[in-house]
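Below is one structure, written out as structure tokens, with a few remarks after it.
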Amino acid sequence: MNGSDQVPDDFRELIEAYALGALDSEERAAVAAHLVIGCAECTKALLESRWMVSQLAHLSPESAPSDMLRGRLMHTVGAEAAAAEPTASAAPKSAIPLWMWGAVAAALFFALYNAYQARVTTTTIQHTRVELEKQIHMQRESARELAVARREALILTDPKSLKIAMPAGTKDLPVLQATWNPELGLVVSGQKLQVPSGNRTLQLWLIPKAPGSKPLPSSTLRPGADGKFDLLVADPPDSPGATKALAITDEPEGGSPRPTTAPIWMGAVAIK
């Protein structure tokens with residue numbers, strides 16, 4: 001070929017399609033093989049085609065590509081779109097692979113398991129706390145009872161303690177025994193007492209020696225179901241030397257500021 005005008009029209013269209021990238025693999029290989037041999041006319045035609053491609057948007061209508069080239073280009077675009085469509089439609093199916101669903105399920109399982117374990121742990125902690133509080137309460141109660149028992153034992157065995165018999169106003173009731181230590185306090189005890197009815201309780205009173213003095217209220221206690229009465233007054237409202245007698249009455253629960261019934265038991269405080 002001796003000039004660009006000598007390039008056949010059908011081969012020129014192949015070169016234009018080559019410049020556009022619109023040839024199939026066989027045609028592209030054939031054109032490339034021809035260009036390799038250094039054909040000046042075809043090389044010039046390729047350069048012109050590439051320039052035309054770069055300026056295609058600005059060319060006048062008469063410079064538009066030929067029908068054959070346009071057909072090849074549309075065929076190539078259509079083929080590429082058809083090849084891309086299955087991939088696009090398959091994308092949603094493969095967007096989340098099966099292994100990822102398994103990972104999500106495993107994460108959900110572990111989250112639920114951890115939540116269950118947290119609830120179990122919380123329940124265990126609460127149960128343990130309740131049991132611990134019970135144990136602490138029992139220990140404190142045991143310590144209090146032990147302290148009371150030790151103090152009563154000291155009062156009952158101390159030679160300085162004063163023994164006071166408190167007979168009942170009726171013969172069918174047992175005698176109570178009071179033991180008063182000036183430093184440790186007062187203990188009143190008895191056996192086989194009847195439990196006051198309802199919300200009634202037994203209250204201890206100290207009768208002062210001073211003329212016209214009113215009874216001083218002290219502690220209250222209901223006998224146990226076994227009839228045992230064991231009342232400790234660590235801080236009596238008066239001293240043995242200033243007290244004429246001890247008395248016990250039946251009062252409302254919580255005690256009264258002054259006696260509301262006649263004394264059931266009374267014992268004189270006689271200091272030698």
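The values are calculated or read from the model by the stated rules, or taken from the named source; none is laboratory data. Values in this document were obtained by computation on a predicted structure and should not be read as measured data. All Cβ positions, glycine included, derive from the backbone under ideal geometry; neighbour counts span all protein chains shown. SASA here: full protein model, heavy atoms, side chains in, ligands and nucleic acids out. Shrake-Rupley method; radii C 1.70, N 1.55, O 1.52, S 1.80 Å.
Of the GluC sites (Glu not before Pro) found in the range 121-218, those that fall in a DSSP loop while having at most 16 other beta-carbon atoms within 10 Å are E183. Compare the Cα positions of T124, Y113, M166 along the charge dipole of the range 99-174 (+1 at Cβ of Lys, Arg; -1 at Cβ of Asp, Glu; about the Cα centre) and return the one farthest towards the positive end. Checked the options; the winner is M166. Summing +1 for each Lys or Arg and -1 for each Asp or Glu among the other residues whose beta-carbon sits under 14 angstrom from that of P208 gives +3.
Taking amide H as placed 1.01 Å from N in the peptide plane, the amide H of T243 sits under 5 Å from that of K209, each at least 5 places away or on another chain. Calculated FRET efficiency, D235 to T261, Cβ-Cβ distance, R0 = 30 Å: about 0.75 to the nearest 0.05. With Cβ to Cβ distances under 13 Å as the rule, what net charge do the other residues near Q139 carry (K, R +1; D, E -1)? After counting each charged neighbour, the total is -1.
When only alpha carbons of the range 199-253 are considered, Rg and Dmax amount to 12.3, 39 Å. Over all other residues within a Cβ to Cβ distance under 12 Å of T261, the charged ones net out to 0, with Lys and Arg as +1 and Asp and Glu as -1. Dividing the mean sequence gap of close Cα pairs (under 8 Å, 6+ apart) by how many residues the range 98-231 holds gives a relative contact order of 14 percent. With a 1.4 Å probe and every protein chain kept in, tell me what percent of the accessible surface of the range 210-255 is carbon plus sulfur. That fraction is 51 percent.
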